[in-house]
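Notes follow once the structure below has been shown.
The values are calculated or read from the model by the stated rules, or taken from the named source; none is laboratory data. Computed from a predicted model, the values in this text were never measured in an experiment. Glycine also receives a Cβ, built like all others from the backbone with ideal geometry; neighbour counts cover every protein chain displayed. The accessibility values were calculated without ligands, DNA or RNA, using every heavy atom of the protein model including side chains. Shrake-Rupley method; radii C 1.70, N 1.55, O 1.52, S 1.80 Å.
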Amino acid sequence: MYNYFILIGRVAREVEIRTTSDGRRVLNLTVACQRPFKNPNGEYDTDFFNITLWESMAEIAAENFKKGSTIGIKGRLSQKKLTLENGVSVNTSELVGERIVFFSNANSDTEVEG
């Protein structure tokens, strides 16, 4: 069975690595992906995806990504169960990046796998 996604887009905001309470490094990244077709108004819509990178992947991204960078990410969907303040439980999905590609120019792309 398959559980993966592939996105190519631009980093939508500046990235910042942080450390969790148990000492793990994590980076939450927003990637903007423009749709390949125009909407009824003749404009291209953009989708924004939040992606989580862990440990060495987070460090590499923090060192190399900046707002506007074109990147490719391959990863998996992760299911989480959250309990809200009112006690209601909800299921959410998280995009976890496992492989990243930096598109710096046509002659020198860099690929990193975590």
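Work out the FRET efficiency for Asn50 and Tyr2 from their Cβ-Cβ distance, taking R0 = 25 Å, and round it to the nearest 0.05.
Numbers: r = 21 Å, r/R0 = 0.86.
The formula returns an efficiency of 0.70 here.
Which value, in Å² rounded to 10, gives the accessible area of Lys38 with a 1.4 Å probe and all protein chains present?
Solvent-accessible area, nearest 10 Å²: 120 Å².
For the peptides 55-64, 84-93, what is the packing order when you average, over each peptide's residues, the other Cβ atoms within 10 Å and list the highest mean first? Don't jump to the answer; show the numbers that get you there.
Numbers: 55-64: 17.2, 84-93: 7.5.
Put in order of decreasing packing, that is 55-64, 84-93.
For Glu43 and Glu14 in one chain, what is 0.36 nm times their gap in residues minus the Cα-Cα distance, to one decimal in nm? Before the final figure, lay out each step's value.
Details: separation 29, 0.36 × 29 = 10.44 nm, distance 2.55 nm.
Value of the extension gain: 7.9 nm.
For the chain, with only Lys/Arg (+1) and Asp/Glu (-1) charged at the beta-carbon, what is the dipole magnitude about the Cα centre, in debye rounded to 20?
180
Within segment 1-24, what residues put their amide N at less than 19 Å from the label point 7 Å along the Cα-to-Cβ vector of Arg76?
1-7
Scale the Cα Rg of segment 1-74 by the rule-of-thumb value 2.2 N^0.38 Å and send over the ratio, two decimals.
After normalising by residue count via 2.2 N^0.38 Å, the value is 1.28.
Measure off, as a whole percent, the carbon and sulfur share of the 1.4 Å-probe accessible area of the chain, all protein chains present.
With neighbouring chains kept in place, the figure for the chain is 47 percent.
Under a 1.4 angstrom probe, counting protein chains only, how are Thr52, Thr46, Thr20 ranked by accessible area, largest first?
Sorted by accessible area, descending: Thr46, Thr20, Thr52.
When ligands, DNA and RNA are left out and all protein chains stay put, how many square angstrom of accessible area per residue does the chain have with a 1.4 Å probe?
Here the per-residue accessible area is 70 Å².
Can you sort Ile17, Ile51, Ile6 by 1.4 Å-probe accessible area, starting with the largest?
From most exposed to least exposed: Ile6, Ile17, Ile51.
Counting only C-alpha contacts under 8 Å and six or more residues apart, can you give the relative contact order of the chain as a whole percent?
On the way: 244 pairs, mean separation 30.0, N = 114.
RCO, the chain: 26 percent.
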